[in-house]
1. Among 167, 82, what is the fewest-to-most ranking by other Cβ atoms within 10 Å?
2. Debye sum, Cα scatterers, the stretch 162-235, no solvent: what log₁₀ I/I(0) at q = 0.11 1/Å?
3. For an R0 of 51 angstrom, estimate the FRET efficiency from the Cβ-Cβ distance between residue 424 and residue 59 and round to the nearest 0.05.
4. List the lysines whose alpha-carbon lies under 26 Å from that of residue 384, not counting same-chain residues fewer than 8 positions away?
5. Any chance you could run the full-extension gain for residue 230 through residue 449? It's 0.36 nm times the residue separation minus the Cα-Cα distance, nm to one decimal.
6. Can you pull the percent of Cα pairs in the stretch 184-323 with separation above 19 Å?
7. How far is helix 366-380 tilted off the main Cα axis of the chain, in degrees rounded to 10, range 0 to 90?
8. Ignoring everything except DSSP H segments at least 4 long, calculate the 222 nm mean residue ellipticity for the chain; use -39,500 (n - 2.57) per segment, divide by total residues, nearest 500.
Amino acid sequence: MGADSIRRAAAVVLLVLGSAALWWARSGAQASASANDAMVAAIAAAREHAAANDPRLKAAWRFEEGGWIYVHLEGDPGAIGYQHGYLLAPEIEDGFAAVSAGMMHSTERNWEFFRKAAHEMLWPKIDAEYQQELKGIVEGLRARTGSKLDVDDIVAFNGFEELPDYYVPWLNKQQKAANAPNLKSPGNCSAFVATGSWTKDGQIVMAHNNWTSYRNGERWRIVFDIAPKNGHRILMDGFPGVIASDDDFGINRDGLMVTETTITQFEGWDPNGKAEFVRARKALQYAGSIDEYTKIMLDGNNGGYANDWLLGDRKTGEIAQLELGLKAHKLWRTKDGVLAGSNWARDPKVLKEDTPEFDPNNKESSPNARRARWEELLKDNKGKIDVALAETMLGDHSDTAQKKEEPNERTLCGHVDGSPRGVKEWEWQPYYPGGAVQGKATDSAMAKEMLFVARMGHPCGGDFLAKPFLAAHPEFAWEEPYLRDMKAGPWTKFRSGQASKE
């Protein structure tokens with residue numbers, strides 16, 4: 001912010017504060033609560049007005065469409081962070097409250113524990129560029145709302161996929177913690193990438209739906225268009241306040257197409273490694289090939305949020321699957337084939353060393369039933385696969401274990417809230433409010449134009465209604481302050497540089 005801007009902002013704030021002080025002197029101690037609220041609101045409005053004139057915001061914007069919030073961020077790392085924090089401030093505050101409540105509930109650890117882990121373990125290994133961006137988020141957030149959140153809070157928040165379900169289980173074992181909760185790494189997402197003779201016109205087609213709790217998933221509705229000072233331009237979905245996509249669906253200007261599904265019942269953590277959210281963001285921003293992406297993800301691998309990464313290079317038509325465990329990993333690649341994921345490891349070494357409890361032969365488990373359905377769908381549609389068909393596949397409700405149509409934990413479009421079984425592999429109890437919360441798809445031609453389609457809510461188009469669910473399932477009453485309706489929007493196109501609804 002320039003000197004003139006600072007002086008103008010200060011003048012506005014001083015004027016409001018002076019008026020407030022005069023009002024208080026005249027009103028005395030009997031001032032009404034409503035008048036006091038008005039004073040607080042006036043001060044907040046003055047702060048926001050002053051911050052809105054910050055030159056760092058000139059290149060940034062947001063709009064809403066189809067249930068999504070689209071934000072354009074541009075500039076150096078600090079500016080990108082400031083824009084992110086300012087434009088999404090209400091959503092960050094709300095998302096932080098919901099996510100942190102879930103982290104503390106599942107792990108039985110207080111928030112200070114996560115702040116300490118962020119400060120002492122994650123922060124020192126975060127690249128300077130992303131440290132600046134994270135600091136910028138805090139600055140923008142405070143400028144907009146006067147938030148009390150600091151950098152440690154935001155770093156821990158960015159680690160919400162890896163700290164509670166990877167670090168804490170590892171730490172509990174190291175400490176031989178008595179009566180520790182039984183934590184399992186989650187299984188998030190159903191996805192595929194296809195190329196060559198498998199697709200309608202031979203180009204790459206990629207599709208993904210995000211599986212998570214409805215508490216978090218209803219908030220997972222940001223489309224980030226990022227034009228960084230260094231590296232490639234990015235278009236990705238994401239969560240407010242988080243610098244990586246985190247459910248991971250994104251494309252970059254140099255032709256890389258990226259998505260993933262997590263590895264069920266993964267075990268392991270390296271406290272000396274780099275946070276997964278940092279490596280994932282860096283790889284999407286700087287990699288221009290499958291080899292470069294793999295190299296960045298392996299550098300400092302901490303085992304956090306272990307995934308099967310599904311990759312495409314639109315420049316060559318090649319696709320790949322990077323199964324990234326901590327003790328083992330493997331890369332498959334092809335220019336004519338299909339690679340799918342539904343939270344199962346396929347490499348024998350990864351299965352043995354990184355997922356010792358996972359049973360790849362249990363046909364009734366969510367990961368394996370969805371694997372069987374992917375194999376059926378993709379084989380039956382070989383040579384026909386395009387984005388329109390991918391949209392339909394992401395909303396599929398075929399349960400291969402029961403051999404019938406029924407939306408539940410075993411269908412590609414997950415509805416665990418309708419299942420009396422839950423998902424024991426993830427410690428999701430019966431009727432857990434979670435499943436597929438949104439979907440995205442793109443192809444090589446669209447990626448060249450920096451374009452993808454996305455649907456907020458269940459990819460099938462169904463709605464989740466919180467009030468009747470909580471009435472029927474009081475065992476989830478702790479979620480009531482955070483659990484909201486999740487209504488499906490339409491499939492909507494988003495492109496890099498989009499300034500408003502198209």
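1. Arranged by neighbour count, lowest to highest, 167, 82 become 167, 82.
2. The Cα Debye sum returns log10 ratios of -0.58.
3. 0.60
4. 200, 315, 335, 403, 404, 440, 448, 493
5. Values: separation 219, 0.36 × 219 = 78.84 nm, distance 2.00 nm.
Computed gain between residue 230 and residue 449 is 76.8 nm.
6. Result for the distance tail: 51 percent.
7. Here the helix axis deviates by roughly 70 degrees.
8. -11000 deg cm²/dmol
The numbers here are math on the coordinates, done by the rules we state, and not lab data. Given the structure is predicted, the values throughout are model-derived calculations rather than measurements. Virtual Cβ from ideal backbone geometry, glycine too; neighbours counted across all protein chains shown.
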